[in-house]
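Enquirer: Got a structure for you, questions after.
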Protein chains: 2
Amino acid sequence: MSRPFLLGVLGGMGPLATVDFMATLLAATPADSDQQQIPVLAWNVPQIPDRQKALAGCGPDPLPQLLRGIEILNQAGASHIVIPCNTAHHWHDQLSAASRAPVLHMVQETLDDIASLYPRPARVGVIGTPGTLRAGWYQNGLEQRAMTPLTPTARELEQAFVPGCYAVKRGDIETGGAAFARLGQTLLERGAQRLILACSEIPLALRAVQAPFLALTIDPAQALARRCSAIWQQYRHTQYA
Amino acid sequence: MSRPFLLGVLGGMGPLATVDFMATLLAATPADSDQQQIPVLAWNVPQIPDRQKALAGCGPDPLPQLLRGIEILNQAGASHIVIPCNTAHHWHDQLSAASRAPVLHMVQETLDDIASLYPRPARVGVIGTPGTLRAGWYQNGLEQRAMTPLTPTARELEQAFVPGCYAVKRGDIETGGAAFARLGQTLLERGAQRLILACSEIPLALRAVQAPFLALTIDPAQALARRCSAIWQQYRHTQYA
């Protein structure tokens with residue numbers, strides 16, 4: 001605990017999702033003044049090759065740019081690092097190995113949060129990029145905790161999710177929100193009792209269209225933000241008391 | 001133009017205003033993809049002594065912490081730096097002198113924007129911290145451009161503005177917004193045709209309470225964001241064409 005607390009955010013994926021995560025961090029932290037708020041250094045540099053295309057085998061590798069962000073955050077004094085992008089967790093192991101500061105894992109934080117829900121849902125929907133769903137992190141984690149995952153079909157992902165995601169990235173949040181809302185509704189109709197929004201473009205877009213099922217959703221950025229805030233509060237009370 | 005473009009944000013004053021500025025930057029930048037968006041490194045570290053108290057002579061000097069932020073942003077490769085806090089422009093000269101990257105000036109950008117309004121308003125209200133108003137940047141700039149500034153009385157500042165500002169900083173945005181809305185309404189009733197929101201806590205709070213005069217306001221963060229976006233687009237077309 002010798003380094004002062006500084007949360008490094010490896011962002012830019014996408015840039016609006018990073019800003020949304022930073023707002024979530026502030027909302028998750030009890031503070032009566034500026035000085036009590038969580039200190040953050042955010043690398044919101046979106047000039048990173050497209051993660052979805054790379055994972056689909058049709059685009060350059062984003063790892064070199066991700067490693068550059070990790071290096072700069074470490075050099076600038078980050079004590080902890082987060083990546084508020086589910087898909088980028090594909091490279092979590094390599095980024096973690098290259099980082100002096102521990103890199104928290106958004107998927108693990110989310111699964112831990114879900115396991116503490118009461119009553120625990122029997123069936124949980126998961127919406128995310130094809131790369132995230134193919135990796136199976138959320139589905140495997142749910143099964144290990146005795147919950148049944150429900151995911152969109154490959155066709156639904158390609159025809160509804162992917163265009164919605166790129167709509168948000170070009171600033172058309174309403175179009176993205178409408179696509180995500182239809183997809184979420186479909187999973188709920190198939191029996192999901194909760195929905196994991198496993199791509200950081202989804203929550204901000206669903207809020208923008210005021211999706212009626214928002215109360216049933218689980219936002220990994222929220223789980224990650226709560227964890228960061230808890231760590232900061234420990235430091236704050238020891239270092240700045 | 002040898003350094004790649006990277007916008008350094010000296011933030012944390014307050015942290016929510018910094019996040020709001022980052023969202024404003026994205027909205028001000030035309031982009032069809034993540035990769036076209038403006039690259040930003042944001043130092044959102046609010047452990048900086050209170051600027052208002054320092055300027056009132058009753059608190060420690062924030063300059064050392066501000067210089068530390070400038071140093072880290074420069075070391076990390078910032079090509080340009082902005083400070084999305086009006087009050088902190090009190091230290092702009094010293095920060096600029098210590099920075100390799102040019103530090104844009106939010107007040108100048110705003111005054112340039114106002115001068116290009118058509119029709120040009122005859123009377124412009126200015127709401128900000130006592131420190132910002134005492135410095136007279138906006139009032140002098142308006143007079144030099146043949147506009148008459150209107151400001152709250154010292155009593156209105158102390159009894160309405162200052163408590164509103166600290167309410168936002170402790171997360172009570174509605175209380176702050178209500179205070180700012182009353183103050184803005186007062187200046188409009190005294191003849192202001194436009195209102196400069198010369199403290200970065202004001203715009204987000206007035207939006208939260210949906211103040212009826214929002215269309216008449218001028219947000220310095222918007223002027224600064226438009227300038228940053230214009231510089232980035234020049235770079236983008238030369239460096240990433």
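Enquirer: Looking at this structure, is B:ALA198 more than 28 Å from A:ALA27 (Cβ to Cβ), in contact (Cβ under 8 Å) with a residue 24 or more places away in the chain and either within 14 Å of chain A (Cβ to nearest Cβ) or in contact with a strand residue (DSSP E or B) (Cβ under 8 Å, 6 or more places away or on another chain) (or both)?
Expert: Details: more than 28 Å from A:ALA27 (Cβ to Cβ): no; in contact (Cβ under 8 Å) with a residue 24 or more places away in the chain: yes; either within 14 Å of chain A (Cβ to nearest Cβ) or in contact with a strand residue (DSSP E or B) (Cβ under 8 Å, 6 or more places away or on another chain) (or both): yes.
No; evaluated as a whole, the condition is false for this residue.
Enquirer: Here's a follow-up. Can you spot a residue in segment A:134-151 that is among the β-branched types (Val, Ile, Thr), farther than 30 Å from B:LEU73 by Cβ and either open to solvent by 30 Å² or more (accessible area, probe 1.4 Å) or touching a residue at least 12 places away in the same chain (Cβ under 8 Å) (or both)? Before the answer, list the steps.
Expert: Let us first name the residues in segment A:134-151 that are among the β-branched types (Val, Ile, Thr), namely A:148, A:151.
If we keep only those that are farther than 30 Å from B:LEU73 by Cβ as well, we get A:148, A:151.
Checking which are either open to solvent by 30 Å² or more (accessible area, probe 1.4 Å) or touching a residue at least 12 places away in the same chain (Cβ under 8 Å) (or both) leaves us with A:148, A:151.
There is at least one residue in segment A:134-151 that is among the β-branched types (Val, Ile, Thr), farther than 30 Å from B:LEU73 by Cβ and either open to solvent by 30 Å² or more (accessible area, probe 1.4 Å) or touching a residue at least 12 places away in the same chain (Cβ under 8 Å) (or both).
Enquirer: Please enumerate the residues belonging to segment A:1-54 that are hydrophobic (A, V, I, L, M, F, W, C), at the interface with chain B (Cβ under 9 Å from one of its Cβ atoms) and touching an Asp or Glu at 6+ places or on another chain (Cβ under 8 Å).
Expert: Across segment A:1-54, the qualifying residues are A:MET13, A:LEU16, A:ILE48.
Enquirer: Pull up segment B:214-231, narrow it to residues that are of a type outside the set (Asp, Glu) and touching a strand residue (DSSP E or B) at 6+ places or on another chain (Cβ under 7 Å), then point me to the one that is most open to solvent (accessible area, probe 1.4 Å). Give the derivation first.
Expert: First, the residues of segment B:214-231 that are of a type outside the set (Asp, Glu): B:214-218, B:220-231.
Still in the running and touching a strand residue (DSSP E or B) at 6+ places or on another chain (Cβ under 7 Å): B:216-218, B:220, B:224, B:228, B:231.
Working: B:LEU216: 70, B:THR217: 27, B:ILE218: 21, B:PRO220: 1, B:LEU224: 1, B:CYS228: 1, B:ILE231: 16 Å².
Here the residue is B:LEU216.
Enquirer: Also, I was wondering about something else. Of the conditions (1) open to solvent by less than 70 Å² (accessible area, probe 1.4 Å); (2) within 22 Å of A:VAL19 (Cα to Cα); (3) without any contact (Cβ under 8 Å) to a residue 12 or more places away in the chain, A:GLY176 satisfies every one except a single condition; which number is it?
Expert: So the condition that A:GLY176 fails would be (3).
Enquirer: Moving to a separate point now. Just the residues that are open to solvent by 50 Å² or more (accessible area, probe 1.4 Å) and part of a helix (DSSP H, G or I), please, taken from segment B:98-112.
Expert: Going residue by residue through segment B:98-112, those that are open to solvent by 50 Å² or more (accessible area, probe 1.4 Å) are B:98, B:100, B:102, B:108, B:112.
B:GLN108, B:ASP112 - these are the residues of segment B:98-112 that are open to solvent by 50 Å² or more (accessible area, probe 1.4 Å) and part of a helix (DSSP H, G or I).
Enquirer: Would you mind listing the helices (runs of 4 or more DSSP H) fully within segment B:125-241 where at least 2 residues are within 24 Å of B:ILE83 (Cβ to Cβ) and of a type in the set (S, T, N, Q)?
Expert: Numbers: elements: B:130-135, B:137-144, B:162-169, B:173-189, B:202-208, B:220-239.
Output list reads B:137-144, B:220-239.
Enquirer: Which one is surrounded by the fewest Cβ atoms within 10 Å (Cβ to Cβ) among residues in segment A:34-51 that are out of contact with any helix residue (DSSP H, G or I) (no Cβ under 6 Å at 6 or more places or on another chain) and farther than 23 Å from B:ASN74 by Cβ?
Expert: Only one residue tops the list, namely A:PRO49.
Enquirer: Do you know which residues across segment B:1-25 are of a type in the set (A, V, I, L, M), without any contact (Cβ under 8 Å) to a residue 40 or more places away in the chain and surrounded by fewer than 22 Cβ atoms within 10 Å (Cβ to Cβ)? Can you show your working first?
Expert: Within segment B:1-25, the first condition is being of a type in the set (A, V, I, L, M), and the residues that meet it are B:1, B:6-7, B:9-10, B:13, B:16-17, B:19, B:22-23, B:25.
Subset that is without any contact (Cβ under 8 Å) to a residue 40 or more places away in the chain: B:19, B:22-23.
Across segment B:1-25, the qualifying residue is only B:ALA23.
Enquirer: Taking segment A:202-213, which residues are under 24 Å from A:HIS90 (Cβ atoms) and open to solvent by 10 Å² or more (accessible area, probe 1.4 Å)?
Expert: Restricting attention to segment A:202-213, the residues satisfying the condition of being under 24 Å from A:HIS90 (Cβ atoms) are A:202-206.
Listed by number, the list holds a single entry, A:LEU204.
Enquirer: Further question: Of the conditions (1) under 18 Å from the mean Cα position of the chain (by Cα); (2) of a type outside the set (S, T, N, Q); (3) not assigned by TED's automatic domain parsing to the domain that holds B:SER200, B:ILE114 satisfies every one except a single condition; which number is it?
Expert: Just one mismatch for B:ILE114, condition (3).
Enquirer: Just the residues that are more than 8 Å from chain B (Cβ to nearest Cβ) and open to solvent by 30 Å² or more (accessible area, probe 1.4 Å), please, taken from segment A:64-85. Walk me through it before giving the result.
Expert: Looking only at segment A:64-85, we keep the residues that are more than 8 Å from chain B (Cβ to nearest Cβ), and these are A:64-71, A:73-74, A:78-85.
Matches in segment A:64-85: A:PRO64, A:GLN65, A:LEU67, A:ARG68, A:GLU71.
Enquirer: Given (1) touching a residue at least 60 places away in the same chain (Cβ under 8 Å); (2) within 30 Å of B:PRO4 (Cα to Cα), where does B:ALA230 come up short, assuming only one miss?
Expert: Here B:ALA230 meets the rest and fails (1).
Enquirer: I've got another one for you. Do the conditions hold for A:GLY184, that is, is it open to solvent by less than 10 Å² (accessible area, probe 1.4 Å) and modelled with pLDDT of 95 or more? Explain how you work it out, then say what you get.
Expert: On the way: open to solvent by less than 10 Å² (accessible area, probe 1.4 Å): yes; modelled with pLDDT of 95 or more: yes.
The answer is yes for A:GLY184.
The values are calculated or read from the model by the stated rules, or taken from the named source; none is laboratory data. Just so it is clear, the structure is predicted and the values come from calculations on it, not from any experiment. Cβ coordinates were reconstructed from backbone atoms using ideal geometry, including for glycine residues, and neighbour counts include every protein chain displayed. Side chains are part of the model used for accessible areas, which takes the heavy atoms of the whole protein and leaves out ligands, DNA and RNA. Shrake-Rupley method; radii C 1.70, N 1.55, O 1.52, S 1.80 Å.
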